[in-house]
Amino acid sequence: MTASVSAPRTTPGKLTATLTDTRLAEIKTLFENRREGYSLEGPFYTDPDLFKVDMEAIFGKHWLFAASIAEIPEPGDYVTLDYGPYSLIVLRNDDGGVNVLHNVCRHRGARVLTEAQGTTGNLVCGYHSWTYSPEGSLIHASSPGEGKFDKNCFALKKAHSRIYAGLIFVCIAEEPPTDFDEVAKIFEPYLAPHDLGKTKVAYQQNIIEEGNWKLVMENNRECYHCDGHPELACSLFPTWGLTDGIIPPHLEEVWERNKTAQADLEARCRRYGLPYEVLEELDTRIAGFRISRESLDGDGESFSADGHRLSKKLLGDLRDFRLGRCSMHLQPNSWFHFQSDHVITFGAFPINEHQTLVRTTWLVADDAVEGDDYDLEKLTYTWKQTNLQDKNFVELCQVGAASPAYEQGPYMKSEYQVEAFINWYTQRALEHLA
């Protein structure tokens, strides 16, 4: 684990400063009247004022998944991270950690780096060439005719960062939640054997979904809709989220096969000393999470039509391809699938109240050779199709939430994780609005 911390100097509360006290009180009442066990009221998905609250209460205060270290493997490599009104530079430093800087020039506010990713030494603003060190210090500002000019007063604003198990997390709050470090100690033993430090990016997909970010996350937290994912259902048991007593008749045979596969997987995990138990605190702590290692159908190795491996190279120090998937959800914006042959990371980044960028990244062993060890089209096929199907589901819900005929509907038993996500979201927002 590598961790770097910087003291931020940003004020997320500025976003709602334009809202009147009456309007804020109305929004608070919406949260307070939230109907347990039911979907949210329509304005939560369509109201730009509520989106401002989300940016402050959730994305302005909590730890967010940003990228993996495989995306910025060398010093000077960077990605820019945009969500809502914010833009961050996530830059790999010489010590193996990351510097996270607000992508806003201290002269007149221009974006400093305009590319989604790249490699840089010093950071040079393209407007008036103000130049910053990788740590954010202003090292050059051409100022003809100026007298004394204290460059120390105009460094780029910083944010907090953490790297755990090869995943990079950022937080722009002045005082970020401290329990995230406790949660990291829980999930690191599950992820560490895959060794993301020895992986590379095989492919990255960016999709803009015409839907509120909460609808994206809600859709991901249940498999009630998984009949709409025929490619995924070849390897992912569509009984995910179900338990004995609530299995529909058409899935009873699949459920029995799932239980047998899970028992075999758990025996294999015990043999290799890999944790597999389901651990979840989705709404009982600030850093809500769920992690487990679960079986896959068919050969039980990867997300393919027959469950067979999609890369010939094992990750990290794993010794067996048939290890199912290690699945992790983190509130508020990410989920992950760690298999023995590749890893898939997912991040949801709000654009506005009705659009969300969903970024999916496929990682393989750094010595895997495309065309020899893996076929890129086959590697990405299942989740490319699944993402497009989910995009459609989210967009159907977005247009429905905007309809005058929309009413809150009840969550089913298999949707308990959706209820937990919404409960977590409501708690965090009310804490912010208190």
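Residues in segment 124-148 that are surrounded by 12 or more Cβ atoms within 10 Å (Cβ to Cβ) and not hydroxyl-bearing (Ser, Thr, Tyr): Val124, Cys125, Gly126, His128, Trp130, Pro134, Glu135, Gly136, Leu138, Ile139, His140, Ala141. Residues in segment 389-420 that are open to solvent by 70 Å² or more (accessible area, probe 1.4 Å) and of a type in the set (Val, Ile, Thr): Val399 only. Among the residues of segment 361-375, write down those that are over 23 Å from the mean Cα position of the chain (by Cα) and open to solvent by 10 Å² or more (accessible area, probe 1.4 Å). Listed by number, the residues that qualify are Asp367, Val369, Glu370, Gly371, Asp372, Asp373, Tyr374, Asp375. Taking each residue of segment 50-62 that is over 11 Å from Ile172 (Cα atoms) and looking for partners that are among the basic types (Lys, Arg) and surrounded by fewer than 23 Cβ atoms within 10 Å (Cβ to Cβ) with beta-carbon atoms closer than 7 Å, six or more apart or interchain, yields Ala57/Arg428. The sole residue among Thr260, Thr243, Thr239 that is open to solvent by less than 20 Å² (accessible area, probe 1.4 Å), out of contact with any Gly (no Cβ under 6 Å at 6 or more places or on another chain), modelled with pLDDT under 95 and not acidic (Asp, Glu) is Thr239.
Considering each of Thr386, Thr356, Thr382, Thr426 in turn, give the residue that is touching a strand residue (DSSP E or B) at 6+ places or on another chain (Cβ under 6 Å), open to solvent by less than 60 Å² (accessible area, probe 1.4 Å) and in contact (Cβ under 8 Å) with a residue 24 or more places away in the chain. Break it down stepwise before answering.
Working: Thr386 fails: touching a strand residue (DSSP E or B) at 6+ places or on another chain (Cβ under 6 Å); Thr382 fails: touching a strand residue (DSSP E or B) at 6+ places or on another chain (Cβ under 6 Å); Thr426 fails: touching a strand residue (DSSP E or B) at 6+ places or on another chain (Cβ under 6 Å).
Thr356 is the lone residue from the list that is touching a strand residue (DSSP E or B) at 6+ places or on another chain (Cβ under 6 Å), open to solvent by less than 60 Å² (accessible area, probe 1.4 Å) and in contact (Cβ under 8 Å) with a residue 24 or more places away in the chain.
For segment 272-291, the set of residues classified as among the hydrophobic types (A, V, I, L, M, F, W, C) and over 21 Å from the mean Cα position of the chain (by Cα) consists of Leu274 only.
Of all residues assigned to segment 78-87, none qualifies as being in contact with a Phe, Trp or Tyr (Cβ under 9 Å, 6 or more places away or on another chain) and over 30 Å from Leu396 (Cβ atoms).
Of the residues making up segment 1-41, those that are crowded, with 16+ Cβ neighbours inside 10 Å, in a loop (DSSP other than H, G, I, E, B) and either of a type in the set (Asp, Glu) or at pLDDT 90 or above (or both) number 4.
Considering only residues of segment 167-220 that are hydroxyl-bearing (Ser, Thr, Tyr) and either under 21 Å from Gly60 (Cα atoms) or in contact with a Lys or Arg (Cβ under 8 Å, 6 or more places away or on another chain) (or both), which is surrounded by the fewest Cβ atoms within 10 Å (Cβ to Cβ)? Among residues in segment 167-220 that are hydroxyl-bearing (Ser, Thr, Tyr) and either under 21 Å from Gly60 (Cα atoms) or in contact with a Lys or Arg (Cβ under 8 Å, 6 or more places away or on another chain) (or both), the one surrounded by the fewest Cβ atoms within 10 Å (Cβ to Cβ) is Thr178. Strands (runs of 3 or more DSSP E) fully within segment 79-140 that include at least 3 residues being under 25 Å from the mean Cα position of the chain (by Cα): 86-92, 98-102, 117-119.
For segment 200-216: of the residues being among the aliphatic types (A, V, I, L, M) and assigned to a strand (DSSP E or B), which is nearest to Thr356 (Cα to Cα)?
By that ranking, first place goes to Ile208.
In this structure, does Arg270 turn out to be in contact with a Phe, Trp or Tyr (Cβ under 6 Å, 6 or more places away or on another chain), among the charged types (D, E, K, R), under 28 Å from Leu318 (Cα atoms) and not in a loop (DSSP other than H, G, I, E, B)? Steps first, answer last, please.
Working: in contact with a Phe, Trp or Tyr (Cβ under 6 Å, 6 or more places away or on another chain): no; among the charged types (D, E, K, R): yes; under 28 Å from Leu318 (Cα atoms): yes; not in a loop (DSSP other than H, G, I, E, B): yes.
It is false that Arg270 is in contact with a Phe, Trp or Tyr (Cβ under 6 Å, 6 or more places away or on another chain), among the charged types (D, E, K, R), under 28 Å from Leu318 (Cα atoms) and not in a loop (DSSP other than H, G, I, E, B).
Screening Ile246 against (1) under 26 Å from Leu363 (Cβ atoms); (2) in a loop (DSSP other than H, G, I, E, B); (3) in contact (Cβ under 8 Å) with a residue 12 or more places away in the chain leaves a single unmet condition, (1). Would you please name the residue that is farthest from Asn352 (Cα to Cα), looking only at residues in segment 77-123 that are open to solvent by 70 Å² or more (accessible area, probe 1.4 Å) and touching a strand residue (DSSP E or B) at 6+ places or on another chain (Cβ under 6 Å)? Per the criteria, the residue is Asn122.
The values are calculated or read from the model by the stated rules, or taken from the named source; none is laboratory data. This is a predicted model, so every value here is computed, not measured. Because the Cβ atoms are built from the backbone with ideal geometry, glycine has one as well, and the counts that use them run over all protein chains shown. Just so you know, the surface numbers come from the protein's heavy atoms only, side chains and all, with ligands and any DNA or RNA stripped out. Shrake-Rupley method; radii C 1.70, N 1.55, O 1.52, S 1.80 Å.
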